[in-house]
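Data block below; observations after.
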Amino acid sequence: MFHLKETMRYYLYPEETKEEEECRGKWLVREYPHVMPRGRIGKAIQYTYEIYHRLTRYHLDGRYRIDNNMAENSIRPLALGRKNYLFCGNHDAAENAAVRVNCRFRTRRQG
């Protein structure tokens, strides 16, 4: 299901997920009165309930994706590189490494 076209996702998502999403929404409403509102679970349930309509949009339209793996995978090497710049030895070496990596990612993005 990962490589389905938008039209196929449009037809499959409602069948597979609408009941699950309705069940989660009912659970949020049912459980919120039983938890402490200022506790961690209470805050998590309240936050989830407030944005619930945005979390469930993907089953309404096949263009929406359930996850953001493509975005995360595209920025992961840059983020890892930034973490590695801390261990370059000195400021000039870290700056040179950052410039090289930045140029590489720009050329990769442009084709």
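The values are calculated or read from the model by the stated rules, or taken from the named source; none is laboratory data. Source: prediction; values computed, not measured. Neighbour counts run over all protein chains shown; Cβ positions are idealised from the backbone, glycine included.
A few notes on this one:
- Condition check for L28: part of a helix (DSSP H, G or I), modelled with pLDDT of 70 or more, over 30 Å from N102 (Cα atoms) and out of contact with any strand residue (DSSP E or B) (no Cβ under 9 Å at 6 or more places or on another chain): yes
- Checking every residue in region 56-68 against the condition of being in a helix (DSSP H, G or I), loosely packed, with under 11 Cβ neighbours inside 10 Å and either in contact with a Ser or Thr (Cβ under 8 Å, 6 or more places away or on another chain) or at pLDDT 80 or above (or both) gives zero matches.
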